[in-house]
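Undergrad: Have a look at this one.
The values are calculated or read from the model by the stated rules, or taken from the named source; none is laboratory data. Since this is a predicted model, take the numbers as computed values, not measurements. Cβ placement follows ideal geometry from the backbone for every residue including glycine, while neighbour counts extend to all protein chains displayed. Just so you know, the surface numbers come from the protein's heavy atoms only, side chains and all, with ligands and any DNA or RNA stripped out. Shrake-Rupley method; radii C 1.70, N 1.55, O 1.52, S 1.80 Å.
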Amino acid sequence: QCQLNGLWRNDQDSLMEISVLRDNGDFQGQYLTRVTLSGGCAHISPLRGAQQQLGEEGWPTFAFTVRWDKFSNATTTFVGQCFVDAGGKETLSTMWLLREAVGSLEEDWKATR
């Protein structure tokens, strides 16, 4: 069974730590991104999410939101599923959606990636 709690590294060398995983599936932690629009140094931001509760077997789905703290006026939501391969390696397969603040409704078209 896949366990979301712990430390995860993505393809861009950013780190996510899920430090609290409650019995109801809610979790929280922090995200250390190395990818920034400003090209600056890594930043830590809080995350909160929920895991779909399954029985003893199965690969849980989950979603979480990162509030980019102090360096960006954006929020990113990730959705995904946790898998374990034949060798026992856990992998999170995710998709993300980033929403950046814009100044007007006319600029709305460029706010989401």
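Undergrad: Roughly how many nanometres apart are two label points built 7 Å out from the Cα toward the Cβ at residue 104 and residue 17?
TA: Placing both labels 7 Å along Cα→Cβ, they lie 4.4 nm apart.
Undergrad: At a probe size of 1.4 Å, how large is the accessible area of residue 106, to the nearest 10 Å²?
TA: The accessible area of residue 106 comes to roughly 140 Å².
Undergrad: Tell me the net charge near residue 110. Cut-off is 15 Å between Cβ atoms, residue 110 excluded, with +1 for each Lys or Arg and -1 for each Asp or Glu. Walk me through the numbers on the way to the answer.
TA: Details: positive: 99, 113; negative: 100, 106, 107, 108.
After counting each charged neighbour, the total is -2.
Undergrad: At 25 °C and a viscosity of 0.890 mPa s, what translational diffusion coefficient does Stokes-Einstein give for the chain, taking Rh as the Kirkwood radius over Cα pairs? Give it in µm²/s as a whole number. Let's see the in-between values first.
TA: On the way: Rh = 15.2 Å.
D, rounded to a whole number, is 161 µm²/s.
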